[in-house]
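Reviewing the structure listed below.
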Amino acid sequence: MKATAIANTNIALVKYWGKRNEKLILPYNSSISMTCHGLFTITTVEFSKKYKRDIVIIEDEELKKDEKNVLGHLERIRKMARIKEKAKVVSKSNFPIAAGLASSASGLASLTLAATKAVGLNLNKKELSILARQGSGSSCRSIFGGFVEWRKGKKEDGSDSYAREIVDEDYWPEFRIIVTILSTEKKKVGSRVGMAQTVKTSPYYRGWLKSVEEDLRIVKKGILARDFTAVGFQAEYNCLKMHALTISTKPPILYWLPSTLEIIQEVFSWRKEGLECYFTIDAGPNVKILCLEKDEKKIVKRLSKIKGVLKAIVAKPGEGAKIINEHLF
Ligand code: DP6
């Protein structure tokens, strides 16, 4: 009753922001992401009578504050498999977690796949996506590789709210996301709290829901046509709208650092110069730059000159979650 899975994280080009059902994690809007090659989490899960309680070790530290309710997720999987055994979970990521780098996406996707395999449930990708979603929304997209769409669904029970592949990782191999690390500090307001506060208090939330449909249409069409300008422009616009939402909540949430804004302004000026790139930012200060392979080196070089940029990691479209044979314990 032991299995290990690896999942790449994903970065949204059209953001998921706001839940219509917090318990089942059902979103108000659909979203689109790219699964990122080389930014991954590996998780080993073992269910056994030898464990008296669930033990979860993330980055060599035992889980104390269970913000994403990992323990609840294990219980959910136990119920599905009709077993009682407690579990040991060891999880490691190769990038800083909880800094707006969507570590919960790769974390919960790898946990879902490893745990279901360990208990002998052989779920298909749709079922895995539905289950992962209940652990952390964005993780339902990391089950798949390439460019992925999470359709919000309509049903109360969430059975139609899951991700699917738009195109696989080989369809547009020149697409790049450069992840800049500006701070490795844990973000102050997590996405879960941030989006709940937005739905409750931002006067602009209706406008977001109305306009996000167009973002989804344009980004999806752009991906299928490999139209970088269309995808980049609309993704950047969608990200700015999401941040406009958080700034307008009560109390306000501003995820940016001064260096976040500096990079935004640099991207605007590089674009004016003819170096085509766009940015997107999640619930943290780190900026992700969208570009094509041909400009990757030039942009990384320029980023390295900006004070405050601790690291820049380049990701191309990557694979979906999979089982591996080497266990972490
Ligand atoms: C800004 O998936 O972390 O990265 O469902 O509450 O676990 P929960 O939230 P989470 O939120 C991700 C928010 C985002 C946008 C996105 O990835 O679509």
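A short reminder: the numbers here are calculations on the coordinates, not readings from a lab. The model shown is predicted, which means the values in this text are computed figures rather than measured ones. In this analysis, Cβ positions are derived from the backbone assuming ideal geometry, glycine residues included, and neighbour counts consider all displayed protein chains.
In order along segment 114-123, phi translates into HN-Hα couplings of 5, 5, 5, 5, 4, 8, x, 8, 9, 7 Hz, rounded to whole numbers, per the Karplus curve 6.51 cos²θ - 1.76 cosθ + 1.60 with θ = phi - 60° and x for Gly and Pro.
Each residue of segment 7-20 is assigned a 3J(HN,Hα), and the resulting list reads 9, 7, 6, 9, 10, 7, 8, 10, 7, 8, 8, x, 10, 8 Hz, derived from the Karplus form 6.51 cos²θ - 1.76 cosθ + 1.60 (θ = phi - 60°), x at Gly and Pro.
Determine the shape class of the chain: with a ≥ b ≥ c the square roots of the Cα gyration tensor eigenvalues, call it rounded for a/c under 1.5, and otherwise prolate if a/b is greater than b/c, oblate otherwise. Walk me through the numbers before you get to the answer.
Working: a/c = 1.63, a/b = 1.49, b/c = 1.09.
Prolate, because a/c is 1.5 or more and a/b exceeds b/c.
Taking Cα atoms only, the orientation of helix 258-273 departs from the longest principal axis of the chain by about 50 degrees.
Relative to the Cα centre, what is the charge dipole magnitude of the chain, using +1 at the beta carbon of each Lys and Arg, -1 at the beta carbon of each Asp and Glu, and rounding to the nearest 20 debye?
Numbers: 57 positive and 37 negative charges, 201 e Å.
Value, rounded to 20: 960 debye.
Kirkwood analysis of the Cα pair distances in segment 103-165 returns a hydrodynamic radius of 11.4 Å.
Partnerless cysteines in the chain, where a partner means another cysteine C-beta under 4.7 angstrom, comprise 36, 140, 239. 3J(HN,Hα) along segment 222-231, derived from phi through the Karplus expression 6.51 cos²θ - 1.76 cosθ + 1.60 where θ = phi - 60°, amounts to x, 5, 4, 8, 6, 9, 4, 4, 5, 5 Hz, with x in place of Gly and Pro. Under the criterion of Cα pairs below 8 Å and six or more residues apart, the relative contact order for the chain equals 26 percent. What the Cα atoms of segment 175-315 give is an Rg and a Dmax of 15.4, 43 Å.
How high is the FRET efficiency between residue 155 and residue 211 when r is their beta carbon distance and R₀ equals 25 Å, given to the nearest 0.05? The partial results should precede the final answer.
Numbers: r = 24 Å, r/R0 = 0.97.
The formula returns an efficiency of 0.55 here.
Using R0 = 22 Å, the C-beta based FRET efficiency linking residue 200 and residue 76 works out to 0.25. For the options 124, 286, 29, a Gaussian network treatment of the chain with springs between C-alpha atoms closer than 10 Å singles out 124 as fluctuating the most.
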